[in-house]
Amino acid sequence: MRTADLHTEATVVDGLQINNWSPDVLRQLRKGGIHGVNATCAVWEGPTETLRLIGDWCQLQAAHPDLLRLVTSSEQIREAKASGHVGVLLGFQNTSPFADDYRMVEVFHRLGVRIAQLTYNNQNLVGGACYEPVDSGLTRFGKVIVAEMNRVGMLVDLSHVGNRTCLEAIAASSGPVAITHSNPTWFVDSPRNKPDEVIEALTARGGVIGACLYPNVIGGSAATLDGFCTMVARLCDQVGAEHVALGSDCTQDWGQDYVAYLRDGRWRPTDSTNPPQWPQWPSWFTGPADFPHVTDGLQAVGLSDAEVTGILGGNWLRLFDDVFPGTRSES
């Protein structure tokens with residue numbers, strides 16, 4: 001099938017974006033043919049701040065009902081596609097919104113949150129993170145949080161999580177979990193990417209990994225579309241195409257102050273003499289509107305139409321169908 005036709009036919013789901021959300025950004029997603037997205041609405045924020053951020057999403061939906069639909073299921077993503085909306089799944093890139101209270105998992109689930117990453121670069125109450133020199137593993141509280149996420153139907157994300165904690169979370173979870181936006185370390189050796197041991201444990205339990213387009217985990221702005229898509233094809237050969245998807249980690253419309261906040265949060269002062277900077281994206285992918293280029297690249301490296309359709313979104317939808325109902329009815 002031609003690229004344009006395949007991209008149009010597929011239900012396209014991005015495993016993670018962390019944009020400064022606005023009508024213009026939503027139009028970029030629609031231009032790129034994206035029907036569903038895991039939109040980060042909290043990273044370092046605690047429960048009260050996160051409630052306000054969810055309130056911002058409600059206001060954005062009310063102000064732009066022609067563009068946005070907050071969704072909580074695969075079926076609602078498909079409905080958003082049919083109606084021309086962008087279906088937004090609210091997600092966290094940290095468990096800081098839960099603070100030290102496991103009950104917050106159900107509270108935020110009731111408010112529409114369907115995905116939560118266990119840690120964001122740093123050790124927290126739940127477990128170790130990818131930039132810590134020593135990974136503690138999943139804590140006692142972390143095991144409770146994973147069990148509660150399983151119960152209510154919230155997808156466990158391991159993208160910025162330490163490797164030991166990843167393995168222990170995969171083992172502790174009663175169902176499949178995800179790495180929404182990382183690549184294999186054999187592609188780019190970065191703490192943010194994952195070794196075979198983690199990827200294979202994840203996929204053996206039915207999980208999905210979202211191949212990530214963020215410059216720091218693909219080799220910088222010089223990375224090529226062919227190189228990225230060849231990596232995706234090799235990953236499909238390694239673990240099965242049904243376990244591979246996309247998680248772009250798009251960061252549209254933020255200033256430099258926000259990248260400093262992401263790196264430093266409130267746990268350390270930003271070095272004003274050498275502040276963090278956003279990396280330069282490759283010319284073939286500078287934002288959500290460029291998603292069709294990825295479809296073209298995936299076809300060019302020899303993946304079948306069925307495999308590409310799964311990578312573009314079908315594999316996320318299947319995982320959501322498995323996880324989002326939760327285990328409450330079983331218990």
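Hand me the chymotrypsin sites (Phe, Trp or Tyr not before Pro) from the stretch 56-106 located in a DSSP loop with no more than 16 other Cβ atoms within 10 Å, in residue order please. Could you put the intermediate results ahead of the total?
On the way: sites: 57, 92, 98, 102; in loops: 102.
Here the sparse-neighbourhood loop sites are 102.
Karplus-derived 3J(HN,Hα) values for the stretch 98-114, using 6.51 cos²θ - 1.76 cosθ + 1.60 with θ = phi - 60°, are 7, 6, 10, 10, 4, 5, 5, 4, 5, 4, 6, 4, 5, 8, x, 6, 10 Hz; glycine and proline are entered as x.
Summing +1 for each Lys or Arg and -1 for each Asp or Glu among the other residues whose beta-carbon sits under 12 angstrom from that of residue 306 gives -4. Beyond 17 Å, the tail of the calculated P(r) for the stretch 247-321 holds 61 percent of the Cα pairs. Taking every alpha-carbon pair in the stretch 48-106 and binning the separations at 10 Å intervals from zero gives 21, 43, 28, 8, 0 percent. Sequentially through the stretch 189-197, phi angles give Karplus couplings (6.51, -1.76, 1.60; θ = phi - 60°) of 7, 10, x, 7, 9, 10, x, 3, 4 Hz, Gly and Pro residues having no value and appearing as x.
For residue 31, the lysines whose Cα falls under 30 Å of its own Cα, not counting residues fewer than eight places away in the same chain, are 81.
Close amide H pairs (under 5 Å, H built 1.01 Å from N) link residue 211 with 245, 246, 247, residues at least 5 positions away or on another chain. From its DSSP helices (H runs of at least four residues, each -39,500 (n - 2.57)), the chain gives a residue-normalised ellipticity at 222 nm of -11500 deg cm²/dmol.
Let me check against my output: what whole-number percent is the relative contact order of the stretch 23-101, with C-alpha pairs under 8 Å and at least 6 apart? Kindly include the intermediate steps, with their values, before the conclusion.
Working: 109 pairs, mean separation 36.6, N = 79.
Answer for the stretch 23-101 is 46 percent.
Database remark: amide H of residue 194 closer than 5 angstrom to the amide H of 183, 185 (H placed geometrically; neighbours at sequence offset of 5 or more, or on other chains; Pro and chain starts carry no H). Surface analysis of the chain yields an accessible area of 39 Å² per residue, using protein heavy atoms and a 1.4 Å probe. Relative to its Kirkwood radius, the Cα radius of gyration of the stretch 1-130 gives an Rg/Rh of 1.01.
Between residue 100 and residue 197, what length comes free when the chain is fully extended (0.36 nm per residue of separation minus the Cα-Cα distance, one decimal in nm)? Please report the intermediate quantities before stating the final value.
Details: separation 97, 0.36 × 97 = 34.92 nm, distance 3.00 nm.
Computed gain between residue 100 and residue 197 is 31.9 nm.
Might you report the magnitude of the Cβ-based charge dipole of the stretch 216-288 about its Cα centre, with Lys and Arg at +1 and Asp and Glu at -1, to the nearest 20 debye?
180
The modelled label-to-label distance between residue 24 and residue 144, using points 7 Å beyond Cα along the C-beta direction, is 4.5 nm. The relative contact order of the chain, computed from alpha carbon pairs under 8 Å that lie at least 6 residues apart in sequence, is 21 percent. Of the DSSP beta bridges with both residues in the chain, give the percent that are antiparallel, rounding to the nearest 5. Taking every DSSP beta bridge within the chain, about 5 percent pair in antiparallel fashion. Take the Kirkwood radius over Cα pairs of the stretch 125-209, plug it into Stokes-Einstein at 20 °C and 1.002 mPa s, and you get 170 µm²/s for translational diffusion. For the chain, the average shadow cast by the Cα convex hull is 15.5 nm², which is a quarter of the hull's surface.
Shown in residue order for the stretch 243-248 are the 3J(HN,Hα) couplings computed by the Karplus curve 6.51 cos²θ - 1.76 cosθ + 1.60 at θ = phi - 60°: 9, 10, 9, 10, x, 5 Hz (x for Gly and Pro).
Among the trypsin sites (Lys or Arg not before Pro) in the stretch 1-92, which ones are in a DSSP loop with at most 14 other Cβ atoms within 10 Å of the Cβ? Mind listing them? Those that pass, being in a loop and sparsely packed, are 2.
FRET efficiency for the residue 131 to residue 283 pair, using the beta carbon distance and R₀ = 35 Å, is estimated at 0.75.
In this label model, residue 261 and residue 190 are separated by 2.2 nm, measuring between points 7 Å along each Cα→Cβ vector. For residue 117, nonlocal amide neighbours, meaning residues 5 or more places apart or on other chains whose placed amide H falls under 5 Å from its own, are 92, 93, 94, 157.
The values are calculated or read from the model by the stated rules, or taken from the named source; none is laboratory data. Here the structure is a predicted model, which means the values were calculated and not measured. Note that each Cβ is placed from the backbone with ideal geometry, even for glycine, and that neighbours are counted across all protein chains shown. Ligands, DNA and RNA are excluded from the accessible area calculation, which covers all protein heavy atoms including side chains. Shrake-Rupley method; radii C 1.70, N 1.55, O 1.52, S 1.80 Å.
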